[in-house]
Structure formats: structure tokens, C-alpha cells
Number of protein chains: 2
Amino acid sequence: MEAYSIFKDLAILVIAAKFFGLVARKCKAPQVVGEIIAGLLIGPGVLGLVSQSPFIAQMAEIGVVLLMFSAGLGTNLKDLLKTGPIAFLIACFGVFVPLGLGALFYFCYYGFSPFGSPEFYKGIFIGTIMTATSVSITVSALKEMGKLQTKVGQTILSAAIIDDVIGIMVLTFVIGLKDPAMKPLIVVVQSLLFFVFSLVFGFISYKIFKKVDKRYPHTQRIPIAGLAYCFALSYIAEHYFGIADITGAYFAGIILCNIKDSDYIAEKMDINSYMLFGPIFFASIGLKTDLGDMTLPLLGFSIGFVLVALLSKIIGCGLMSGLCRFGFWDSLKIGVGMMTRGEVALIVAQKGLSAGLIEPIYFTSVILLIIVSSVSTPILLKILFKKSDNLPQKT
Amino acid sequence: MEAYSIFKDLAILVIAAKFFGLVARKCKAPQVVGEIIAGLLIGPGVLGLVSQSPFIAQMAEIGVVLLMFSAGLGTNLKDLLKTGPIAFLIACFGVFVPLGLGALFYFCYYGFSPFGSPEFYKGIFIGTIMTATSVSITVSALKEMGKLQTKVGQTILSAAIIDDVIGIMVLTFVIGLKDPAMKPLIVVVQSLLFFVFSLVFGFISYKIFKKVDKRYPHTQRIPIAGLAYCFALSYIAEHYFGIADITGAYFAGIILCNIKDSDYIAEKMDINSYMLFGPIFFASIGLKTDLGDMTLPLLGFSIGFVLVALLSKIIGCGLMSGLCRFGFWDSLKIGVGMMTRGEVALIVAQKGLSAGLIEPIYFTSVILLIIVSSVSTPILLKILFKKSDNLPQKT
């Protein structure tokens, strides 16, 4: 492939994503929905103008990392610490309810299997795919509505981050059940080590950034160093601790959210995001989808899979939110906000595939889940926030 | 390769490029020199932290295209038309003097060969590699010094663009001498067609952009559409007309340089450039270099090759500039500004390799030429501009 040929893909992706983004906004739907639909339309399933390539996948990865970094930069650290314990409880329910209901659904659809049989592990794994919330679309939708800094927004964000960590632990645990080489304890220890590392390394780098920022405020070097720092922490998280790179990027943002120029960094990041990386990330979700190899039994399974995945998150997270004294509407918002799945679900499915736990055919169900949740979550959130904004406040 | 592993390379590239860029600036040298040296240091030749990958090559390609688009956006169209005919003459001399002297040098070093023999074509091809000026580094250096909008700056820019087109014609002609499938006339016709296409398509798109810009001034959609337009023209130029993608990007910039928001587009592009794509482009030049496989005869050849390549451009372009009534210092500046070689020289060498005209060993000479010219041009230009700024003006 010649180097210049990427420009065709990039031109089509950027223009289609932004065009459908604008159309979506005109229809009062969030822009990201339009961008995902754009990817679906120009992708191999419909028009076939652009197909998923390693380059686009890597650009999309940068896109999601920038998005999470920007979300981290906008965090109010005090609020996060306040929402932390509750978010932890919500995340636990958000992982284990879908895990249980997902496995149960598989057994109901295909029949129960004895403990320890390959079919049994497959059922458990179908549940595992349902665990990981992909918060990026919710963050983007909340940001668009200006609700990211609300208590509900911050709770969703924190819960999704914790959920991600628990989800990865569950994944390694389930794979470890089959493979004696993987030790679940090691994963737990690694995750704890990453938190300790983030605390220590984060504190030191925060001090350095604060000093440099004080000496050279509002210069190019602050956002550039911030960007490199975000990339570095993304890499370190995944390479050394087995934590998703987006979690590393989010932590990088949180570490820098209290320096004076954090808004300045975020502003520069956002330009990079909305110009190029963001549209590519969202369009690439649609791009991955080819609805051509769908059979009727698989369609039935997929529809059930999607419904169970969405409802189990709403039930799990919503229930715990209610127990944590959120009102009915806010609990519903948290449940709905947590139900988006994204690239993490695909990565989980990929890992299950390479461990021999599931077949490639289930990817279609996962992609359907990603699309349905990505399209419905922002729309539902918009409706819910509008509804509750119109309700009489009882603060 | 896992998707996250790019973040290590990106973090190291961005931080090293910017750090050495700052060091270079402190040493009163242009920032790009520091960025190239950063690539050399972190590359396989020295520290081996990052190696050239398809992803980095594609990011670098985006970097050079954005740079040329930005240069086009900053063009004063009236000035370009004024400098056009003179630039054409300078470009002609800038192509044919290096072509002749380069071939002559090869024959002097390795002995003369009869017309039509493989060694003869090899000599001609060594000359051909010397023809294409890579203006991006000069543009970047002139921009840094604030001299891009001067008459000298505009002449260099226009001449380099025309030089590129003539250089590609020469390349296709030389390859065509060996391969009967390639028709030189077709190349000439293709290039003319591209100019006609740019005029017609450019005029229509200019009108559309102007209208949209008037209706939605200063909105996100203007720079995003501009970016997509730049990518599209880069692709069309190379895919349909065989013209380098950077020429297409430059034309896209020129077409949009007269709309009201051209500065606004350029500003957004520049943020993308300086944050990520620019540093990666310049560092990747250094990255490509491995000085390990150098032998003494090849070293001798390479040194001669570099000297002839640099001097022949200064002589060719400088002489014609003098004939076109530029003063001595300005002629020297134009000659020096035209002597940078970059990715185009590598592409030419690559094409000669696949046509069986040269051996891979000559790549080291080409890379040495790129590094020496990229490092020396900005330094010399800075000295020359400083010198002439201090001279008594005789306007």
C-alpha cells in the first residue's frame, strides 16, 4: 500500500462523520450517533467506500485515548473522591449482574451444561463480554449536554473507570479458569500496584508539571508535554499492569486536572479530537460492522444478547444507585449511562477467541451490542436529562 | 502488535522531538534541526528506542501534508502569480543542473560507460535522485523566521512546487527510457491535466467554500471541511495524476487561501501540526537512518554525492535567480533554500530500486543527503537572512 492511499480513507471518514454528525444534531440526537452511522454507511456493509485498516484502528485508538485524557482533565478531583465509594459499589453491581444474567441467558438459549464443560465456560464468557462498560460515548454525550460535571455525570464516569478495572479482573479470572498459566491473584495484585504507581508517580509528575507550568504558563510545551504524558501512562498501564490504555489516559488527565493550565491543555486536545481523531474513532465503530453473515438463530441470539446486556446494566447499576440514595430518575440515568459497550467488549471477545472460549461468529452480536448501546444511550440520556430538568426540583 | 503499543513510540517521539527542538532553539538553530536529530538519537542507529513502523510513516505523511496545506493557506495568490514565471525558470535550472552534475559525478567516480549500458542509466538515475527539492523543511524554517511571505520566501516556495512537478516528469522519463511500458508523454499530459483539473475543480470548490464560510463563519465545520478537502486533493493528485500528494495538499491550501476564514483554518491545522504530526514527521527522517552499514568507498561516494547535490542546486537556482535580477544575497538564499531534499528523494530512490536501476546500498547516501541538507539549510538560511537584514537596504 502506498503512503498516500490513507488520504482517501481519511477524507471520506472525516467528511462523512462530520456531515452525519451535523444531521444527527439537527434531528436533536447526539453528534456521535451520526458519526457511528456514518461509519456504518461508508463501511464494507453498505457502501464499501472505506474498510477497517490497521492504520484507522490505530488512529481510532488515539482518538479514544485523547477523549479519556480530556475527560480526566475536566475532572473535579474533590468530587471524584466524594463519589468514589458509591461509584465502587455501583461498578460492582454493574459487573456482576450482567455477568450472571448473561451466563443465564446463554444457558436458557442453548440449554444448561454441567459445571466445567466447554459449553459451561462459554456461557460464563458470554456473561463476561457483557461486563465492561465503555464510557467514552457516554462521556461524549454528557459533555455535549454540559452534564459531565454533575453528580450523576461524575458518578457514571468514576463507576465506569472502576467497572473497567473489575471487568478486566473478571476476564483474566475466567480465562484463568481454563488456563492454569494465568493466575487471578496476579491480576488483582497488578491492578493494586497500578493504583499505587499512579499515586506515587502521579504525585511526582503533578509537582513537576505544576512547577513547569508556573514558569512557562500558556506556552506550547505544556500541552505537548501533557500529550506525551498521556501517551506514556496509556502505554505503561496496559504494558506493565495489564490495565486498559484508556484507564491510563484517564488517570493522566486526573493527575493533571489540578494544574493551572489544565483547561489550556484540554482546549488543545479537543481541537485534535474534534478535527480528526474523534470522528475517526466513532466512525470506525460503524466501520467494523458487516451485517452480511447473519443467520436467523444467530439473529435471535444477538437480539437476546443485546437486550440482556443493556437491561442487566440498568438493573445492576440502577438498583445499587437507588440503594445509595440516588432518586429514581438519577438511578435510571446512571443505569442507562453505564450501559454503553465499546471497544473494550470487542477486546474481551478477542481475548476469548484467542483463548478458544468462543467462536468468531459471536463478534456480530458484540458489534450489534456496541452499535445499539452507542446509539441508544445518548438518545435515552438526552431524554432523561430533559425530563428531569423539567421536573420540580426537590433539593 | 497490540493497538496500545503505538503509545510508547508516540510518547517518546513527541517528547524527544520537542525537547531537542527547544535545545536547538536555545542554540539559535531552527527547531526542526533538533527534531531531526532527536529522531536520529532515539532511532535504531543510536539508542534504538523507536524504530520506523508503517504507522509512524503514515503519521509522518499526514504531518508533511498538513505542513504543505498550511503553507498553501498562507500563500498570497497575487504574489504567487507574480513570482510564477521566474519561479518556473529557477525550477528548471534547479532540476537540470543537479541532474547533469549528478550524472557527471557518478561517471567521474566509477568511470564513464557507453550510452545505453546499465551503468549509464545508473549514472543518470543518480542525477535524477538529486533533482527533487523537498521544500517542507525550508518552509518550516522560513515560517519560524517569519520570512515565508517575503519575495524570496514566495519564490522558493513556488520554485520548489514547480521543481517537484518537473522532477517527477524527469523521473518517469528516465524510468521510461528503460521500461517501454511507461510513456513520458503520458506523464507530461497527466501533469497538465492536473493543473487544468485544479483550476476548474479549485474554482468551483473555492466558490462553495466561500459561500459556506459566509453563512457559517468561524464554526468548526470550516476547518474540518478544509482538512477533508486537503486530504482529498492529496489523494486525487497522486492517485489519478501521479503528482506527489504534498503538491495536492499545497494546491488545496492555495485554493482556500482567499476565503475569509483561511487564517482560522491555518490556525487549527497548526495546532494539529505542532502538537503531534509535525514532530513525528521531522523525527521520522532521523529515525530512518542507520549509519551501521557504511563502507569506506561508499562513504567517499556519499560525501561526494551530498556535496554535488547541495552545490548543484545552489549553482543552478542561484545562477538563474541572478539572471532574473535577484541580488547576490537573495540569489544565494534561493539557492540554499532549494537545496533541501526530503521524502521525495527517498521516493525517487525507491522507484529506481523497484525498476532495477540502483541498488539498496545507495539509500544510505540519499539519507545522508536528506540529513545534511535538512540540518544545514535552516542554519544557513538563518545566517543569510541575518546577514542581509544587517546590510544597508538599497530599495
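Read-outs throughout are calculated quantities, based only on the coordinates presented, and are distinct from any laboratory measurement. As the structure is a prediction and not an experimental result, all values here were calculated from the model. Heads up, the Cβs are rebuilt from the backbone with ideal geometry, glycines too, and the neighbour counts pull from every protein chain shown.
When you count, for each residue, the other Cβ atoms within 10 Å and take the mean per peptide, how do A:350-359, A:274-283 rank with the highest first?
Working: A:350-359: 16.7, A:274-283: 26.8.
Per-residue mean Cβ counts within 10 Å order the peptides as A:274-283, A:350-359.
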For chain B, with a Gaussian network of springs between Cα atoms less than 10 Å apart, report the residue from B:A345, B:A60, B:A24 with the top mean-square fluctuation. B:A24
When the helix-only estimate is applied to chain B (DSSP H runs of n ≥ 4, each -39,500 (n - 2.57), divided by the residue count), what is the mean residue ellipticity at 222 nm, nearest 500 deg cm²/dmol? -26000 deg cm²/dmol
Report, for B:S388, each distance to the same residue's label point in the other copies, shortest first and in nm; define the point 7 Å along Cα→Cβ. 6.6
If every Lys and Arg gets +1 and every Asp and Glu gets -1 at its Cβ, then about the Cα centre the stretch A:3-388 yields a dipole, in debye to the nearest 20, of 1200
May I ask you to sort B:Y206, B:Y240, A:Y4 by Cβ crowding, counting other Cβ atoms within 10 Å and putting the fewest first? B:Y240, B:Y206, A:Y4
The stretch B:236-306 to the stretch A:94-129: how many Å between their Cα centroids? 53
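Across the residues of B:267-277, average count of Cβ atoms on other protein chains within 10 Å? Please report the intermediate quantities before stating the final value.
Numbers: counts 1, 4, 2, 1, 8, 6, 0, 4, 10, 9, 2.
Counting Cβ atoms of other protein chains within 10 Å of each residue's Cβ and averaging gives 4.
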With a 29 Å threshold on alpha-carbon distance, the violating pairs from A:K386/B:K207; B:K214/B:K333; A:K268/A:K387; A:K207/B:K147; B:K18/B:K288 are A:K386/B:K207; B:K214/B:K333; A:K268/A:K387; A:K207/B:K147
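Which whole number gives the average count of other chain Cβ atoms within 10 Å of the Cβ atoms across peptide A:38-48?
On the way: counts 0, 0, 0, 0, 0, 0, 0, 0, 0, 0, 0.
Average per residue, whole number: 0.
As an exercise, find the ratio Rg/Rh for the stretch A:123-278 from alpha-carbon atoms, using the Kirkwood inverse-distance average for Rh. Present the calculation step by step, with values, prior to reporting the outcome.
Numbers: Rg = 17.3 Å, Rh = 17.1 Å.
Result: Rg/Rh = 1.01.
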Spin-label point model (7 Å from Cα, Cβ direction): what's the A:S354 to B:S117 distance in nm? 5.5
Taking the axis about which chain A rotates onto chain B, which residue of A lies nearest it as judged by Cβ position, and how many whole Å separate them? A:I271, 2
Once the label point is placed 7 Å from Cα along Cβ, list for B:F201 the distances to the corresponding points in the other copies, in nm, shortest first. 4.6
Using a/c under 1.5 as the rounded threshold, could you call the protein assembly as shown rounded, prolate or oblate? The axes a ≥ b ≥ c are square roots of the C-alpha gyration tensor eigenvalues, and prolate needs a/b larger than b/c, oblate otherwise. prolate
Provide the packing ranking of A:377-390, B:146-159, i.e. peptides ordered by the mean count of other C-beta atoms within 10 Å per residue, highest first. B:146-159, A:377-390
Label-point separation, A:R215 to B:K260 (7 Å along Cα→Cβ), nm: 4.4
Virtual paramagnetic centre 7 Å along Cα→Cβ of A:S376, amide N under 16 Å, in the stretch A:93-113: A:98, A:102
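Charges only on Cβ, +1 for Lys and Arg, -1 for Asp and Glu: so what's the dipole of the protein assembly as shown about the Cα centre, in debye to the nearest 20? Could you put the intermediate results ahead of the total?
Details: 62 positive and 46 negative charges, 515 e Å.
I would put it at about 2480 debye.
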Along the principal axes of its C-alpha atoms, what lengths does the stretch B:3-389 span, in descending order and rounded to whole Å? 66, 47, 46
Is there a simple number for the mean count of other chain Cβ atoms within 10 Å of the Cβ of residues in B:9-19, and what is it? 5
Treat each spin label as a single point 7 Å out from the Cα along the C-beta direction, and report the A:L49 to B:Y206 distance in nm. 2.6
